[in-house]
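Report on one structure; see the data block that follows.
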Amino acid sequence: MTASRRQFLQWSTAAALASTGLDLTATPAKATPKASKLKILILGGTGFLGPATLEAAQARGHQVTLFNRGKTRPELFPGVEKLQGDRDPKKGDGLKAMEKGTWDAVIDNSAYYPRMVTASASLLAPRVRQYLILSSISAYKEPNPEAGTEDAPLATMPDPTQEDMGKSYEYYGALKALCEQAAQKAMPGRTTVIRPGYIVGPDDPSGRFTYWPARFDRGGDVAVPGAPDDPLQIIDVRDLATWLILLVEQRSLGVFNACGPAQRLAWGSVVAACQKAGNPASKPLWIPADFIAAQKDLEFPIWAPYAGETKGFHTWRNDRAVKAGLRFRPADQTVKDTLTWYKGQEKLEKGRNKLAGPTPEQEAKLLAAWQEAAAGRKG
């Protein structure tokens, strides 16, 4: 695209938004402790990343509005403006609640189907500056390259109009890629695409990362897959949320991999942190990836084999995001805080303490098989 073409898009965008009352003349400034108050619309907002994002926005003095169905934890944030509807314009009142109002930015963390993203982004385009959409590193074509950048090929699917993630969620990534494209088409030159890896930390209902500190806290021999030097990429939900608000404050556009930490993180260091935070007397028993793969119906969360088709999974480059201000707290702190939350939240909110990973019975069976195999090799 030529410079004149880029300028034309900027000018036409300004003209389209002139009637909204939004000030488009100011040069985006870096975030400061006293950032200008912004109006931010979050699509979703009561799951996992949403609450963290809202709290980060409020901490910076911004005004937040939530749009969702009002079904997930509706009791949260009683003092925040809430618009109720459905991402699918064909269901109930659909997007009607968003037909009025202007915002500086939209943070879309509930984008799963491109038709619905097109509907919301097109509706809001005349009345917002920036559309920030949460995608996923799953949007990339598999197998993932090692040290892949934001320019890596994206996933595709046979029928891009299909609104079904598939029996094994095989179309999840392709649908995320299509959602990105839908937002970019509806709001050219005004979109920010975020592709996180595993989002972890307190309040995570998936039970994936939480499995590990909780398992070590239970004590005993702990089956740990792979090798200590396998790479691992995670991002604390609080770090991601803080950065999303920074991107809005700076009006940063483009595509970013949101994978952490800044430097390579060894799987063994995370295991050691889980052992320290949980039960130091617990004992990790490392089981090679090929032995794990030979077991039926057994999966360990977060970790992926550093070999074959998953070798590049935990190696994404994040230079662009770090340059744009993304910062990471130590993984040890995330482990500690996650375990503290997990052990203390059951009395407050039942149902968010379920863990992914093998059951105690499955793990015991695996440990017995591995110890038997190890004894056979010694014999």
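The values are calculated or read from the model by the stated rules, or taken from the named source; none is laboratory data. In this text, all values refer to a predicted model and were calculated from it rather than measured experimentally. Heads up, the Cβs are rebuilt from the backbone with ideal geometry, glycines too, and the neighbour counts pull from every protein chain shown.
Where strands (runs of 3 or more DSSP E) fall entirely within the range 26-115, those with at least 3 residues that are within 24 Å of VAL200 (Cβ to Cβ) are at 39-43, 63-68.
Considering GLY201, GLY189, the condition of being within 21 Å of TRP243 (Cα to Cα) and outside the structural domain of THR72 (by TED's automatic domain parsing) is satisfied by GLY201 alone. Taken over the range 257-274, the residue count meeting the criterion of being in contact (Cβ under 8 Å) with a residue 60 or more places away in the chain, in a helix (DSSP H, G or I) and either assigned by TED's automatic domain parsing to the domain that holds LEU178 or farther than 25 Å from PRO205 by Cβ (or both) is 1.
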